[in-house]
Amino acid sequence: MFAPKTKEGVEQYPTLEQWENILTTKGLAGPRDLTPSAKDSNLEQKIYGRVAGVAEGSQWEAKITDSSITDYLSIPKRGEEFSYALSTTDTGTFGTGQIQSAKMLARYPDTAYFAHGNYGIQYNLTFPLYNKSRESQAVSIRMQTPIKANTESAGLMFYDPPENRIFFRGTLRVMFNDDTGKTLTRYIHIVQRRGQQGEALVNLNMKPGERRLVQVDFLYPPDATPPQVLTVRSSN
């Protein structure tokens with residue numbers, strides 16, 4: 001709705017009656033986006049469509065551990081890393097088979113079937129890191145925006161340099177104890193392009209047998225594009 005104007009051309013606040021009139025007499029804002037491909041289609045060029053409706057759920061809370069019977073996450077061996085997908089689509093699960101896009105409880109008929117990107121969903125992720133080795137190790141956690149893939153055979157792939165298209169722009173909160181034992185909370189604004197490896201959110205030097213809790217939470221920002229992952233890496 002454009003702001004109504006007086007005869008003198010001065011913009012006015014819309015009244016409740018004017019809003020109700022638009023809702024009952026006008027159509028949807030245009031032009032409309034491309035209609036999404038059917039859910040069971042296996043097209044090479046799939047159209048996801050715009051997300052418009054009511055998605056299921058508002059929060060993704062997870063404690064990431066080695067297994068369901070452990071309370072810790074073993075850090076990778078020196079020089080190795082592993083990643084956890086944050087938002088995936090049916091054509092980009094990285095071999096996990098997990099479509100991490102919320103279901104739509106209600107949607108306009110020409111818009112996306114799933115809430116790709118989980119816009120506005122709060123992620124609250126806990127990493128109870130544990131150094132099981134007999135050596136001190138330098139560990140980092142970073143957000144990354146890899147190239148979308150549906151297999152894990154080649155691992156995560158990136159561009160060097162990344163494409164110019166921005167795929168994520170938002171703020172993350174990271175809470176952890178630093179190497180001196182001090183509890184820190186950092187707010188980190190991230191701008192990542194397609195295929196960007198990303199910088200470390202936190203760097204830790206963990207002693208043998210040491211445990212360290214790291215919490216990462218954020219609201220998935222509107223107009224971002226999946227996929228993103230969180231990667232735990234041990235330096236050489």
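Values in this text are rule-based calculations from the coordinates and carry no lab data. Just so it is clear, the model here is predicted, and its values are computed rather than measured. Backbone-built Cβ (ideal geometry, glycine too); neighbour counts: all protein chains shown.
When only alpha carbons are used to place a centre, the stretch 198-236 and the stretch 1-25 end up 47 Å from one another. Here the ratio of the Cα radius of gyration of the stretch 86-147 to 2.2 N^0.38 Å is 1.60.
Given a Förster distance of 30 Å, report the FRET efficiency between N124 and K46 from their Cβ-Cβ distance, rounded to the nearest 0.05.
Working: r = 30 Å, r/R0 = 1.01.
About 0.50, to the nearest 0.05.
Label zone of Q215 (point 7 Å out along Cα→Cβ, amide N under 13 Å): in the stretch 141-176 this covers 173-176. For the pair I147 and D71, a Förster radius of 41 Å applied to the C-beta separation gives a FRET efficiency near 0.75, rounded to the nearest 0.05.
Between helix 16-25 and the chain there is an angle of about 80 degrees, using the helix long axis and the longest principal axis of the Cα atoms.
From its DSSP helices (H runs of at least four residues, each -39,500 (n - 2.57)), the chain gives a residue-normalised ellipticity at 222 nm of -1000 deg cm²/dmol.
Based on Cα coordinates alone, diagonalise the gyration tensor for the stretch 112-193, multiply each eigenvalue by 5, take square roots, and list the semi-axes in whole Å, largest first. Could you put the intermediate results ahead of the total?
Details: eigenvalues 156, 75, 42 Å².
Equivalent ellipsoid of the stretch 112-193: 28, 19, 15 Å, largest first.
Exposure proxy shown here: for S74, S67, S234, S87, the number of other Cβ atoms within 10 Å sets the order, fewest to most, as S67, S74, S234, S87. The stretch between Q98 and T180, if pulled fully straight at 0.36 nm per residue, gains 25.7 nm over its current Cα-Cα span. So if R0 is 35 Å, what FRET efficiency would E8 and T35 give, r being the distance between their Cβ atoms, rounded to the nearest 0.05? The computed FRET efficiency comes out at 0.20. Restricting attention to the chain, lysine pairs at least eight places apart or on different chains and with alpha-carbon atoms under 20 angstrom apart total 10. So for the chain: antiparallel DSSP bridges make up what percent, rounded to the nearest 5? Of all bridge pairs located within the chain, approximately 90 percent are antiparallel.
Quick one: pull the percentage of alpha-carbon pairs in the stretch 1-99 with a separation above 16 Å.
Working: 3832 of 4851 pairs.
Counting every Cα pair in the stretch 1-99, those more than 16 Å apart make up 79 percent.
Between I64 and T171, the modelled labels are 2.3 nm apart [label points 7 Å from Cα along Cα→Cβ].
Convex hull of alpha carbon positions in the chain: directionally averaged projected area 18.2 nm².
D for the stretch 154-197, whole µm²/s, Stokes-Einstein with Kirkwood Rh over alpha-carbon pairs at 25 °C and 0.890 mPa s: what number? Could the numbers behind the result be given before it?
Working: Rh = 12.6 Å.
Diffusion coefficient, whole number: 195 µm²/s.
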